[in-house]
Amino acid sequence: MPNIKNLTSLNMSNIPPVKEYVSLKPYTSFGIEATARYFAAFSGEDELKQLLSNPVCSEVPALIMGGGSNILFTQDYQGLVLHNNIRGLEILEENEQSVVIRVGAGENWDELVGYCVRQGWAGLENLSYIPGQVGASPIQNIGAYGAEVKDTIKMVHTLNRHSLMPLTYSNADCEFDYRQSIFKKQLRGKRVITHVVFLLSKKPRYNLNYGTLNVTVRQKGAVNLTNIRQAVIDIRRQKLPEPDETGSAGSFFKNPVVDQNKYRKLVSNHPDLPSYKLNKKHYKIPAGWLIDQLGWKGYREGDAGVHPNQALVLVNYGNATGRQIYELATRIRKAVRDHFGIDLDYEVNIL
Ligand code: EPU
């Protein structure tokens, strides 16, 4: 570890200031108290390069953070947190059918969705009201209400954290899968996403197959982008915690995939088991249902709890610690394993 003088002496130069002992509470959607030993924000590739190329910075571990909507700190972070604040939206191509836009990774996700809907650009509307920043969307291939962001991503621009060279990934290069991408696997922690390029349609094909979405949209009147966005927001508000009021990271667990044998066993014991057939041999089971069956929905211990309307979401009612949330998650995982023989994977990154 370099001494304090070393790192903060960077503040003398023209690179973004490195602050010390910065509370991360405002930077994560869980709203949990944790301190970054060092913290700096960057608003462009040059600032990021300057920060990463400084030998002093490379002496401590660095964590790139966007909106902090998928992260749980269980202790203080002893390295340098780099907050991605790259903004801007640029139209790269446009014709009667479609538009290609390049968006800074530090833009707010839902503001982007709202903007696209107002422009009449289709593709992101089902992903309304998801907390976080644009740069996080390809990392875990965010998805909701029958849509996944991979279906609109054309390219992802990144910076190699070590060589500082720019590297662009096509949609295929990103190896997208359910809540998964190359940036979460082989390239975990190795690339900084600077911009995301989206291909959106001006001739929308609406996607209303998920659950009650169709009904909720039609209750609003015409089927159009604005009403789809509003319907998704309404459904999310009913089921999920209000991001500005209750701390959470959305789904804490991923929905598990089981093989046919396991699926048959589960259905014979639980004929009402909801599931989604992925292919001939595999089924996706809602983790929220499994957790709910075991009576955890609405459970609360101090300020750590399970959301009363969606058992997949762990919440911080105010002053829960990361440890408390993590311990609750561990107990839930064990209960699901003991009862159903299923190992739940965390969707949230636990640090
Ligand atoms: N269910 C229960 N009890 C619960 C929760 C769900 O019985 O407490 C049942 C529901 O009745 C339904 C099924 O489980 O039959 C699926 O529930 P839901 O439609 O709410 O979706 P989910 O699979 O639990 C996923 C995403 C959410 C996304 C919704 C809607 C994951 C891990 N989660 O949840 O994503 O909003 O679908 O598309 O895939 C997120 O990733 O942060 C997130 C909120």
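The values are calculated or read from the model by the stated rules, or taken from the named source; none is laboratory data. A quick note: this is a predicted structure, and the numbers were derived from the prediction, not measured. Note: ideal-geometry Cβ built from the backbone for every residue, glycine included; neighbour counts use all protein chains shown.
Values computed for the structure shown
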read-out	value
Residues being of a type in the set (Lys, Arg) and assigned to a strand (DSSP E or B) - total across the stretch 27-84	1
Which listed residue, of 295, 305, is assigned by TED's automatic domain parsing to the domain that holds residue 263 and assigned to a loop (DSSP other than H, G, I, E, B)	295
Per-region count, the stretch 168-186, residues surrounded by 17 or more Cβ atoms within 10 Å (Cβ to Cβ) and over 13 Å from residue 149 (Cα atoms)	4
Tabulated pairs, the stretch 156-180, first touching a residue at least 60 places away in the same chain (Cβ under 8 Å), second more than 16 Å from the ligand (Cβ to nearest atom) and assigned to a loop (DSSP other than H, G, I, E, B), C-beta under 9 angstrom, 6+ apart or interchain	159/165; 161/189; 161/190
Candidate set: the stretch 279-315, residues that are more than 9 Å from the ligand (Cβ to nearest atom) and either within 12 Å of residue 255 (Cα to Cα) or of a type in the set (Ser, Thr, Tyr) (or both); chosen: the one modelled with the lowest pLDDT	283
So residue 88, is it surrounded by fewer than 19 Cβ atoms within 10 Å (Cβ to Cβ), of a type outside the set (S, T, N, Q) and in contact with a Pro (Cβ under 8 Å, 6 or more places away or on another chain)	no
Residue check for residue 270: out of contact with any Lys or Arg (no Cβ under 7 Å at 6 or more places or on another chain) and either over 22 Å from residue 127 (Cβ atoms) or more than 16 Å from the ligand (Cβ to nearest atom) (or both)	yes
Total residues in the stretch 186-212, condition away from the ligand (no atom under 16 Å from the Cβ) and of a type outside the set (A, V, I, L, M, F, W, C)	12
Condition met for residue 215 (of a type in the set (A, V, I, L, M, F, W, C), surrounded by fewer than 14 Cβ atoms within 10 Å (Cβ to Cβ) and either within 8 Å of the ligand (Cβ to nearest atom) or on the phi < 0 side of the Ramachandran plot (or both))	yes
Meets criteria (in contact with a Lys or Arg (Cβ under 8 Å, 6 or more places away or on another chain) and either acidic (Asp, Glu) or within 16 Å of the ligand (Cβ to nearest atom) (or both)) for residue 179	yes
Odd one out for residue 138 among (1) touching a Gly at 6+ places or on another chain (Cβ under 7 Å); (2) closer than 27 Å to residue 62 by Cα; (3) within 16 Å of the ligand (Cβ to nearest atom); (4) of a type outside the set (A, V, I, L, M)	(1)
All positions within the stretch 244-275 that are more than 16 Å from residue 342 (Cα to Cα) and either outside the structural domain of residue 314 (by TED's automatic domain parsing) or free of Cβ contacts under 8 Å to residues at least 24 places away in the same chain (or both)	244, 245, 271, 272
The one condition in (1) modelled with pLDDT of 95 or more; (2) within 14 Å of the ligand (Cβ to nearest atom); (3) surrounded by 21 or more Cβ atoms within 10 Å (Cβ to Cβ) that residue 148 fails to fulfil	(3)
Residue match in the stretch 316-323 (condition: of a type in the set (Phe, Trp, Tyr) and in contact (Cβ under 8 Å) with a residue 60 or more places away in the chain)	yes
Those residues of the stretch 175-207 which are under 19 Å from the mean Cα position of the chain (by Cα), within 30 Å of residue 224 (Cβ to Cβ) and not charged (D, E, K, R), in sequence order	176, 178, 195, 196, 197, 198
